Amino acid sequence: MACSSRSLLLFSSVRRSQPSIPLISQLVAQKPRSCSLVLRSRGVPLICWNPKKFRARTRSSMAEVTADSGKGKVKVFDSEEEVAVGLAKYTADISNKITKEKSSFTVVLSGGSLIHSLRKLVEAPYIDSIEWGKWHVFWVDERVVPKDHVDSNYKLAYDGFLSKVPIPPGQVYAINDALSAEGAADDYETCLKHLVTNGVLQVSAKTGFPKFDLMLLGMGPDGHVASLFPGHPLVKENKKWVTFIKDSPKPPPERITFTFPVINSSAYIAMVVVGAGKAPAIEATLGKSPNSEVLPVGMVSPEDEMTWFFDKQAASKI
């Protein structure tokens with residue numbers, strides 16, 4: 001069921017050299033769709049665990065340390081390569097669990113280094129074992145730029161992940177980049193509400209906000225998630241599903257973003273953080289003496305389970 005002629009543009013299986021994303025109205029005319037709206041590992045001390053805060057167990061075969069904290073499960077790996085391996089297994093396991101229970105698996109992506117960390121999903125055994133046909137893919141935030149722009153989260157995900165897996169084009173929901181930031185945010189929220197009506201997307205019984213099955217998120221060095229930045233008024237937005245920002249501290253300035261009530265209504269969230277440059281924000285959030293200022297990353301709290309994926313550099317200060 002199509003919502004309007006100005007609804008979201010969809011993922012397109014096109015040549016990279018000349019991206020071409022069809023309009024919803026064109027796709028529906030071609031073929032109607034129900035969702036057309038559109039410690040120590042290898043002898044290296046990885047982390048100093050606070051015994052009152054963590055219960056750790058090691059899996060030496062994966063060079064991984066897994067612990068429980070007051071803010072979810074924490075997994076620390078020797079390297080970013082091993083983070084990618086662990087993240088692929090985690091994502092595949094949740095996909096298999098959800099697709100056995102229902103006909104759609106709703107997944108939210110962020111931009112940045114997260115997409116590179118998903119690269120193992122396009123390899124064996126996952127490329128052949130995951131039920132890609134049930135995936136519905138969304139973005140937690142997007143820059144209001146053309147789809148082929150270097151700053152586009154859509155382009156980043158398409159080039160590094162989506163173009164390599166058989167997710168149906170009509171089940172990938174990109175923003176309508178022909179609209180203003182405010183218009184694109186309103187349009188994306190309208191799309192989500194139609195997908196709720198169509199039964200693709202569920203609503204949280206606790207909050208009344210959409211409940212995505214899995215969010216795969218990254219974090220900026222300043223502790224921002226999505227396009228929710230420290231000290232920005234949008235961090236406190238609690239009515240809208242999707243909102244917009246025109247003064248992003250990080251370029252480009254115009255973006256759309258999910259709000260915290262939507263993020264925190266998710267069933268599962270994986271927060272993937274790698275690199276020493278992000279260690280201070282992780283220390284402020286999970287360290288022994290958390291910063292008095294709660295960073296946006298510290299406000300992430302899904303309904304079912306939170307899992308942190310770190311390499312040892314990102315976890316070096318906790």
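Nothing in this text is a laboratory measurement; each read-out follows from the coordinates by a stated rule. Predicted, not measured: the structure shown is a model, and the values here were computed from it. Cβ sites come from the backbone with ideal geometry, for glycine too, and all protein chains shown count toward neighbours.
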Protection proxy (average C-beta count within 10 Å per residue), highest first, orders 99-111, 123-135, 306-318 as 306-318, 99-111, 123-135
Under 5 Å from the placed amide H of Val74, counting only residues 5+ away or on other chains, we find Ala67, Asp68, Ser69, Trp308
Counting only residues 5 or more apart in sequence or on a different chain, those whose built amide H sits under 5 Å from that of Leu228 are none
Taking r as the C-beta separation of Lys193 and Asp68 and R0 as 30 Å, the FRET efficiency to the nearest 0.05 is 0.25
Most packed first (mean Cβ within 10 Å per residue), the peptides 270-276, 196-202 order as 270-276, 196-202
Simple spin-label estimate for Lys89/His149, 7 Å along Cα→Cβ, in nm, reads 4.0 nm
Percent antiparallel among DSSP beta bridges confined to region 63-311, nearest 5, equals 40 percent
Long-range alpha-carbon pairs in region 188-318, meaning those over 26 Å apart, account in percent for 24 percent
A chain fully extended from Arg119 to Glu182 at 0.36 nm per residue, minus the present Cα-Cα distance, gains in nm 19.4 nm
Stretched fully, the stretch from Glu303 through Asn238 gains (0.36 nm per residue minus C-alpha distance, one decimal, in nm) 21.8 nm
Contour minus Cα-Cα span, Glu293 to Lys206, at 0.36 nm per residue, comes to 28.6 nm
Under 5 Å from the placed amide H of Gly275, counting only residues 5+ away or on other chains, we find Asp311, Gln313, Ala314
For Lys155, counting only aspartates and glutamates whose alpha-carbon sits under 17 Å away and dropping same-chain residues fewer than eight positions off, the answer is Asp141, Glu142, Asp177, Glu254
